[in-house]
1. Can you report the number of residues in the stretch 65-80 which are surrounded by fewer than 20 Cβ atoms within 10 Å (Cβ to Cβ) and outside any loop (DSSP other than H, G, I, E, B)?
2. Hey, any hits in the stretch 125-134 for a residue that's within 20 Å of A65 (Cα to Cα), outside any loop (DSSP other than H, G, I, E, B) and in contact with a Ser or Thr (Cβ under 6 Å, 6 or more places away or on another chain)?
3. Identify all residues within the stretch 100-123 that are loosely packed, with under 14 Cβ neighbours inside 10 Å and of a type in the set (S, T, N, Q); write none if there are none.
4. Pairs please, first residue from the stretch 104-126 and among the aromatic types (F, W, Y), second anywhere and part of a helix (DSSP H, G or I), Cβ atoms under 8 Å, 6+ apart in sequence or on different chains.
Amino acid sequence: MRYSDRTSRAVPAIAFLACALVMPLSLHAQSAPHAGMKGAVMDQAMPPGKMDMKSMMKENNDKMASVPMSGNPDVDFARMMRIHHQGAIDMAQSQLRDGKDPQLLSMAKDIISAQKKEIAVLDAFLARNGAPTTAPAK
């Protein structure tokens, strides 16, 4: 069976989107209490003003899951990746504010720089294609 170029480009984008939609379920399963772990300290509340990675991940995944698909795999990919990259920036900024490890602080700076550049590419693509950076509200 021979696939067109359009089909061969759509398959990776569809696979990515499927993973992005399944990820919140995986995160929920990981946060569920496990048998035999009663009394174990699994999650400690962060002091006010400190980062909360779990809530950041949940918020980011909720944003991605709420984006309706346009039917154009390129537009859908760009919209989803934009949200994903912004989430990485938010987490990295939180690391810069609250983190202590020099290597991770350096990595956070690099992540912010790289993700901002990629968001600019995604925004330019969406603008060229007449697509808003986020899907219109229903």
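1. As a first pass, look at the stretch 65-80 and keep what is surrounded by fewer than 20 Cβ atoms within 10 Å (Cβ to Cβ): 65-75.
Then drop every residue that is not outside any loop (DSSP other than H, G, I, E, B), which leaves 65-66, 73-75.
Adding up the residues that qualify gives 5.
2. At the first step, the residues of the stretch 125-134 found to be within 20 Å of A65 (Cα to Cα) are 126, 131-134.
Still in the running and outside any loop (DSSP other than H, G, I, E, B): 126.
Remaining after also requiring in contact with a Ser or Thr (Cβ under 6 Å, 6 or more places away or on another chain): 126.
Among the residues of the stretch 125-134, at least one is within 20 Å of A65 (Cα to Cα), outside any loop (DSSP other than H, G, I, E, B) and in contact with a Ser or Thr (Cβ under 6 Å, 6 or more places away or on another chain), which makes the answer yes.
3. Q103, S106, S113, listed by residue number.
4. F125/D74; F125/A78
None of the figures in this text is laboratory data; all of them are computed from the coordinates on show. No experiment lies behind these values; they were computed from the predicted model shown. Neighbour counts are summed over all protein chains in view; Cβ atoms, including those assigned to glycine, are modelled from backbone coordinates with ideal geometry.
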